[in-house]
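The values are calculated or read from the model by the stated rules, or taken from the named source; none is laboratory data. None of these values were measured; they are calculated from a predicted model. Every residue, glycine among them, receives a Cβ derived from its backbone with ideal geometry; neighbour counts consider all protein chains shown. Quick note on the areas: whole protein, heavy atoms, side chains included, nothing else; ligands and nucleic acids left out. Shrake-Rupley method; radii C 1.70, N 1.55, O 1.52, S 1.80 Å.
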Amino acid sequence: MNTPVDKDRDMHFYWAAPLYLLLMGSVSTMATGGSGPSGDDILNPQSVQMAEQGKAALTRGDALVAIDAYEAALASDPKNVAAFTGIAMSYEKLGLPGKAVKYYREALALNPSDLVALEGQGNAYIARGATARAQVNLARMKALCKADCGGAARLQAAIDSAAKQAPKAVATK
């Protein structure tokens, strides 16, 4: 027969069990040092290998094969920022800056400080005529690069070049 005291004790146990498990997990993390990459920080090796194959295909100039390899890398590990960036570069190579912007956005959602993705997305914005957005990327890059930043310098040059090529407004009376 359950007495009110038994019910009260059982209720305290149910409340304390999750707390106990949480504390035990924290203690085991401290015991192992708690440093080094966790499971979420490590990419699947197969994903890395497929991304390398995509990079090789893109270097050869075969953007469609590169996209296939990068997509396989993402199927293996959807946190592979290099695969998103590689797909974006491949679409740029195919003359599709709109699709490139989308994949750069995916890469930056995973790692907002990825300088390669910021530069690439800035260049894709310029190709689409959105130099103001490219300037936002440039500002982010400059904030991230405290020292000399080649990517920021290249993006600045691309923005300057686009500004010179932009049609000037014709004065009308």
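Beta carbons closer than 6 Å, at least 6 apart along the sequence or on distinct chains, pair a first residue in segment 97-112 that is surrounded by 14 or more Cβ atoms within 10 Å (Cβ to Cβ) with a second that is of a type in the set (Ser, Thr, Tyr) for Lys99/Tyr91; Ala100/Tyr91; Ala107/Thr85. Would you mind stating whether Leu64 is open to solvent by less than 60 Å² (accessible area, probe 1.4 Å), among the aliphatic types (A, V, I, L, M) and either modelled with pLDDT of 95 or more or in a loop (DSSP other than H, G, I, E, B) (or both)? Here the answer is no, as Leu64 does not meet what is asked.
Yes/no matrix, rows are residues, columns are (1) open to solvent by less than 30 Å² (accessible area, probe 1.4 Å); (2) under 17 Å from the mean Cα position of the chain (by Cα); (3) closer than 28 Å to Ile159 by Cα; (4) not aromatic (Phe, Trp, Tyr):
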residue	(1), (2), (3), (4)
Leu43	no, yes, no, yes
Ala51	yes, yes, no, yes
Ala69	yes, no, no, yes
Ala83	yes, yes, yes, yes
Ile87	yes, yes, yes, yes
Val116	no, yes, yes, yes
Leu138	yes, yes, yes, yes
Met141	yes, yes, yes, yes
Lys146	no, no, yes, yes
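Is it true that Ala163 is in contact with a helix residue (DSSP H, G or I) (Cβ under 9 Å, 6 or more places away or on another chain), assigned to a helix (DSSP H, G or I) and buried (at least 16 other Cβ atoms within 10 Å of the Cβ)? The answer is no for Ala163.
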